[in-house]
Amino acid sequence: MKFFIDTANLEQIKEAQDLGILDGVTTNPSLMAKEGISGKEAVLNHYKTICEIVDGDISAEVLSTTYEEMIKEGDELAAIHPNIVVKIPMIKDGIKALKYFSNKGIKTNCTLIFSAGQALLAAKAGANYVSPFLGRLDDISVDGMNLIEEIRIIFDNYMFDTEILAASIRSPMHIINCAKIGADVITSPLDSILNLLNHPLTDKGLAQFVADAKKMS
Ligand code: E4P
(Lines give C-alpha, C1' and ligand atoms only; values in the text may rest on other atoms or scores of the structure.)
Protein backbone atom coordinates (compact mmCIF):
# COMPACT_ATOMS: atom_id res chain seq x y z
CA MET A 1 0.00 0.00 0.00
CA LYS A 2 1.31 3.45 -0.90
CA PHE A 3 1.37 6.23 1.72
CA PHE A 4 0.58 9.78 0.58
CA ILE A 5 0.45 12.78 2.90
CA ASP A 6 -2.66 14.96 2.64
CA THR A 7 -1.38 18.49 3.18
CA ALA A 8 0.15 21.51 1.49
CA ASN A 9 2.29 22.28 4.56
CA LEU A 10 5.95 22.05 3.55
CA GLU A 11 7.26 21.29 7.05
CA GLN A 12 4.89 18.33 7.41
CA ILE A 13 5.73 17.12 3.91
CA LYS A 14 9.47 17.28 4.76
CA GLU A 15 8.90 15.45 8.07
CA ALA A 16 7.00 12.63 6.32
CA GLN A 17 9.62 12.49 3.57
CA ASP A 18 12.40 12.21 6.20
CA LEU A 19 10.65 9.16 7.65
CA GLY A 20 11.42 7.36 4.39
CA ILE A 21 7.94 5.91 3.90
CA LEU A 22 6.34 8.60 1.74
CA ASP A 23 5.12 7.78 -1.78
CA GLY A 24 3.32 11.00 -2.71
CA VAL A 25 1.30 14.05 -1.70
CA THR A 26 -2.30 15.16 -2.16
CA THR A 27 -3.55 18.71 -1.82
CA ASN A 28 -6.86 20.43 -2.38
CA PRO A 29 -7.92 24.09 -2.58
CA SER A 30 -8.80 24.14 1.14
CA LEU A 31 -5.37 22.79 2.13
CA MET A 32 -3.61 25.31 -0.15
CA ALA A 33 -5.69 28.20 1.24
CA LYS A 34 -4.83 27.05 4.79
CA GLU A 35 -1.14 27.66 3.96
CA GLY A 36 -1.98 31.17 2.72
CA ILE A 37 -1.11 30.38 -0.90
CA SER A 38 -3.01 32.51 -3.38
CA GLY A 39 -2.51 33.70 -6.93
CA LYS A 40 -1.59 31.54 -9.91
CA GLU A 41 2.16 32.04 -9.70
CA ALA A 42 2.30 31.26 -5.98
CA VAL A 43 0.20 28.12 -6.50
CA LEU A 44 2.40 26.85 -9.35
CA ASN A 45 5.58 27.62 -7.35
CA HIS A 46 4.24 25.80 -4.30
CA TYR A 47 3.57 22.66 -6.34
CA LYS A 48 7.05 22.94 -7.84
CA THR A 49 8.56 23.09 -4.34
CA ILE A 50 6.57 20.01 -3.23
CA CYS A 51 7.82 18.13 -6.32
CA GLU A 52 11.40 19.02 -5.33
CA ILE A 53 10.87 17.56 -1.82
CA VAL A 54 9.03 14.34 -2.72
CA ASP A 55 9.83 12.02 -5.61
CA GLY A 56 6.33 10.60 -6.12
CA ASP A 57 2.89 11.45 -7.41
CA ILE A 58 1.77 14.96 -6.36
CA SER A 59 -1.94 15.68 -6.79
CA ALA A 60 -2.69 19.27 -7.81
CA GLU A 61 -6.38 20.15 -7.99
CA VAL A 62 -7.97 22.32 -10.66
CA LEU A 63 -9.96 25.27 -9.31
CA SER A 64 -12.41 25.53 -12.20
CA THR A 65 -15.49 23.42 -12.91
CA THR A 66 -16.07 23.65 -16.67
CA TYR A 67 -14.46 21.27 -19.18
CA GLU A 68 -12.65 24.02 -21.14
CA GLU A 69 -11.26 25.68 -18.03
CA MET A 70 -10.31 22.40 -16.35
CA ILE A 71 -8.27 21.17 -19.32
CA LYS A 72 -6.50 24.55 -19.65
CA GLU A 73 -5.71 24.60 -15.94
CA GLY A 74 -4.76 20.90 -15.87
CA ASP A 75 -2.37 21.31 -18.80
CA GLU A 76 -0.66 24.18 -16.93
CA LEU A 77 -0.41 22.12 -13.74
CA ALA A 78 0.94 19.07 -15.61
CA ALA A 79 3.63 21.24 -17.22
CA ILE A 80 5.12 22.02 -13.77
CA HIS A 81 6.71 18.57 -13.28
CA PRO A 82 6.30 15.00 -14.64
CA ASN A 83 5.11 13.84 -11.18
CA ILE A 84 2.09 16.16 -11.12
CA VAL A 85 -1.26 14.32 -11.07
CA VAL A 86 -4.15 16.55 -12.15
CA LYS A 87 -6.95 16.33 -9.60
CA ILE A 88 -10.40 16.64 -11.14
CA PRO A 89 -13.76 16.82 -9.35
CA MET A 90 -16.42 14.12 -9.89
CA ILE A 91 -18.80 16.09 -12.10
CA LYS A 92 -20.01 15.59 -15.69
CA ASP A 93 -17.41 17.94 -17.18
CA GLY A 94 -14.85 16.28 -14.93
CA ILE A 95 -15.47 12.91 -16.60
CA LYS A 96 -14.81 14.51 -19.99
CA ALA A 97 -11.65 16.13 -18.62
CA LEU A 98 -10.44 12.79 -17.21
CA LYS A 99 -10.81 11.25 -20.68
CA TYR A 100 -8.96 14.18 -22.27
CA PHE A 101 -5.99 13.83 -19.89
CA SER A 102 -6.03 10.03 -20.17
CA ASN A 103 -5.75 10.32 -23.97
CA LYS A 104 -2.83 12.75 -23.51
CA GLY A 105 -1.01 10.45 -21.07
CA ILE A 106 -1.36 12.93 -18.18
CA LYS A 107 -2.07 11.31 -14.82
CA THR A 108 -5.33 12.14 -13.01
CA ASN A 109 -6.96 11.75 -9.62
CA CYS A 110 -10.77 11.97 -9.53
CA THR A 111 -11.76 13.62 -6.25
CA LEU A 112 -14.95 13.92 -4.20
CA ILE A 113 -15.97 10.28 -4.73
CA PHE A 114 -18.84 9.27 -2.45
CA SER A 115 -20.38 6.29 -4.31
CA ALA A 116 -19.29 3.15 -6.15
CA GLY A 117 -21.04 4.41 -9.30
CA GLN A 118 -18.93 7.56 -9.31
CA ALA A 119 -15.77 5.47 -8.93
CA LEU A 120 -16.85 3.22 -11.82
CA LEU A 121 -17.46 6.22 -14.10
CA ALA A 122 -14.07 7.74 -13.23
CA ALA A 123 -12.31 4.42 -13.93
CA LYS A 124 -14.13 4.11 -17.27
CA ALA A 125 -12.91 7.62 -18.15
CA GLY A 126 -9.32 6.51 -17.50
CA ALA A 127 -8.59 8.09 -14.10
CA ASN A 128 -5.33 6.84 -12.59
CA TYR A 129 -6.69 7.35 -9.07
CA VAL A 130 -10.14 7.67 -7.51
CA SER A 131 -10.38 9.40 -4.13
CA PRO A 132 -13.27 8.11 -1.99
CA PHE A 133 -13.70 10.39 1.06
CA LEU A 134 -13.98 8.03 4.04
CA GLY A 135 -14.10 10.53 6.87
CA ARG A 136 -16.73 12.76 5.30
CA LEU A 137 -19.02 9.72 4.86
CA ASP A 138 -18.41 8.66 8.45
CA ASP A 139 -19.23 12.25 9.49
CA ILE A 140 -22.78 11.79 8.14
CA SER A 141 -23.20 8.29 9.64
CA VAL A 142 -22.53 6.42 6.37
CA ASP A 143 -19.89 3.65 6.54
CA GLY A 144 -16.99 5.00 4.48
CA MET A 145 -15.09 1.72 4.69
CA ASN A 146 -17.99 -0.06 2.99
CA LEU A 147 -17.45 2.21 -0.03
CA ILE A 148 -13.80 1.18 -0.23
CA GLU A 149 -14.88 -2.50 -0.20
CA GLU A 150 -17.44 -1.92 -2.99
CA ILE A 151 -14.92 -0.12 -5.20
CA ARG A 152 -12.28 -2.84 -4.57
CA ILE A 153 -14.75 -5.54 -5.74
CA ILE A 154 -15.75 -3.61 -8.87
CA PHE A 155 -12.20 -2.72 -9.89
CA ASP A 156 -11.05 -6.33 -9.31
CA ASN A 157 -14.01 -7.74 -11.30
CA TYR A 158 -12.95 -5.82 -14.39
CA MET A 159 -9.22 -5.50 -13.69
CA PHE A 160 -9.31 -1.70 -13.89
CA ASP A 161 -5.83 -0.18 -13.55
CA THR A 162 -7.34 2.75 -11.62
CA GLU A 163 -5.95 2.86 -8.07
CA ILE A 164 -8.12 3.35 -5.00
CA LEU A 165 -6.71 6.34 -3.11
CA ALA A 166 -8.54 6.35 0.22
CA ALA A 167 -8.92 9.99 1.30
CA SER A 168 -10.39 12.02 4.14
CA ILE A 169 -8.56 9.79 6.61
CA ARG A 170 -9.22 10.74 10.23
CA SER A 171 -7.43 8.08 12.31
CA PRO A 172 -4.86 5.28 12.26
CA MET A 173 -7.76 2.78 12.29
CA HIS A 174 -8.89 4.15 8.92
CA ILE A 175 -5.40 3.37 7.57
CA ILE A 176 -5.35 -0.15 9.03
CA ASN A 177 -8.85 -0.98 7.74
CA CYS A 178 -7.93 0.35 4.27
CA ALA A 179 -4.88 -1.92 4.29
CA LYS A 180 -7.07 -4.93 5.27
CA ILE A 181 -9.50 -4.23 2.42
CA GLY A 182 -6.73 -3.62 -0.11
CA ALA A 183 -6.93 0.09 -0.91
CA ASP A 184 -3.95 0.82 -3.17
CA VAL A 185 -3.10 4.11 -1.47
CA ILE A 186 -4.05 6.07 1.63
CA THR A 187 -3.64 9.81 1.85
CA SER A 188 -3.54 10.98 5.43
CA PRO A 189 -2.69 13.89 7.68
CA LEU A 190 0.74 13.43 9.28
CA ASP A 191 -0.65 12.80 12.78
CA SER A 192 -2.65 9.71 11.74
CA ILE A 193 0.47 8.27 10.07
CA LEU A 194 2.60 8.98 13.17
CA ASN A 195 -0.08 7.49 15.45
CA LEU A 196 0.55 4.12 13.76
CA LEU A 197 3.83 4.13 15.71
CA ASN A 198 2.25 4.14 19.13
CA HIS A 199 1.75 1.18 21.48
CA PRO A 200 2.07 1.34 25.29
CA LEU A 201 3.74 -2.08 25.40
CA THR A 202 6.43 -0.81 23.02
CA ASP A 203 7.09 2.16 25.34
CA LYS A 204 7.11 -0.09 28.42
CA GLY A 205 9.33 -2.69 26.75
CA LEU A 206 11.81 -0.10 25.51
CA ALA A 207 12.02 1.56 28.94
CA GLN A 208 12.92 -1.85 30.40
CA PHE A 209 15.51 -2.55 27.67
CA VAL A 210 17.12 0.89 28.21
CA ALA A 211 17.23 0.31 31.99
CA ASP A 212 18.76 -3.16 31.55
CA ALA A 213 21.21 -1.88 28.94
CA LYS A 214 22.62 0.49 31.58
CA LYS A 215 23.36 -2.50 33.82
CA MET A 216 25.44 -4.00 31.02
CA SER A 217 27.73 -1.01 30.47
C1 E4P B 1 -7.69 14.37 -0.49
O2 E4P B 1 -7.51 14.18 -1.65
C3 E4P B 1 -8.89 15.03 0.03
O4 E4P B 1 -9.00 16.29 -0.52
C5 E4P B 1 -8.83 15.07 1.52
O6 E4P B 1 -8.39 13.82 2.00
C7 E4P B 1 -10.12 15.51 2.17
O8 E4P B 1 -9.98 15.36 3.56
P9 E4P B 1 -10.98 16.05 4.60
O10 E4P B 1 -12.32 15.40 4.48
O11 E4P B 1 -10.35 15.80 5.93
O12 E4P B 1 -11.04 17.51 4.24
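The values are calculated or read from the model by the stated rules, or taken from the named source; none is laboratory data. The structure presented is a predicted model; accordingly, all values stated were derived computationally and were not measured. Positions of Cβ are backbone-derived with ideal geometry, glycine not excepted, and every protein chain shown enters the neighbour counts. All accessible areas refer to the heavy atoms of the entire protein, side chains included, with ligands and DNA or RNA removed. Shrake-Rupley method; radii C 1.70, N 1.55, O 1.52, S 1.80 Å.
If 149, 68, 61 are ordered by their accessible area, calculated over protein heavy atoms with a 1.4 Å probe, which sequence runs from highest to lowest? All intermediate terms of the calculation are to be shown ahead of the outcome.
On the way: 149 85, 68 125, 61 25 Å².
The most accessible residue leads, giving 68, 149, 61.
What pairs from 2/48; 34/180; 34/107 go past 27 Å between their alpha carbons?
34/180
Tell me the accessible surface of residue 199 in square angstrom (1.4 angstrom probe, heavy atoms of protein chains only), to the nearest ten.
90 Å²
Which residue, 79, 123, 60, has the most motion in a Gaussian network model of the chain that connects Cα atoms within less than 10 Å?
79
For a label point 7 Å from the Cα of residue 136 along Cα→C-beta, name the residues of the range 149-172 whose backbone N is under 20 Å from it.
149-152, 163-172
Restricted to Cα positions, what overall size does the range 2-216 have along the principal axes? Three whole-Å values, descending.
Largest first, the range 2-216 extends 70, 40, 30 Å along its Cα principal axes.
Determine the gain in length on full extension of the stretch residue 79-residue 180; use 0.36 nm per residue of separation and subtract their C-alpha separation, reporting nm with one decimal.
Extending this stretch completely gives an extra 32.7 nm.
Would you work out the charge dipole size for the range 56-191 about its Cα centre, treating the Cβ of every Lys and Arg as +1 and the Cβ of every Asp and Glu as -1, and quote it to the nearest 20 debye?
Roughly 220 debye, rounded to the nearest 20.
So for the chain, taking the charge dipole from beta-carbon charges (+1 Lys/Arg, -1 Asp/Glu), which of 50, 17, 125 sits furthest toward the positive end?
Checking the options against the dipole of the chain, the answer is 125.
For labels at residue 96 and residue 217 in the simple 7 Å Cα→Cβ model, what's the distance in nm?
Each label point lies 7 Å from its Cα, and together they span 6.8 nm.
Points 7 angstrom from Cα along the Cβ direction at residue 64 and residue 204: gap in nanometres?
Taking the two extended label points, one gets 6.0 nm.
Below 8 Å between Cα atoms, with a sequence gap of 6+, how large is the relative contact order for the range 59-166 in percent?
20 percent.
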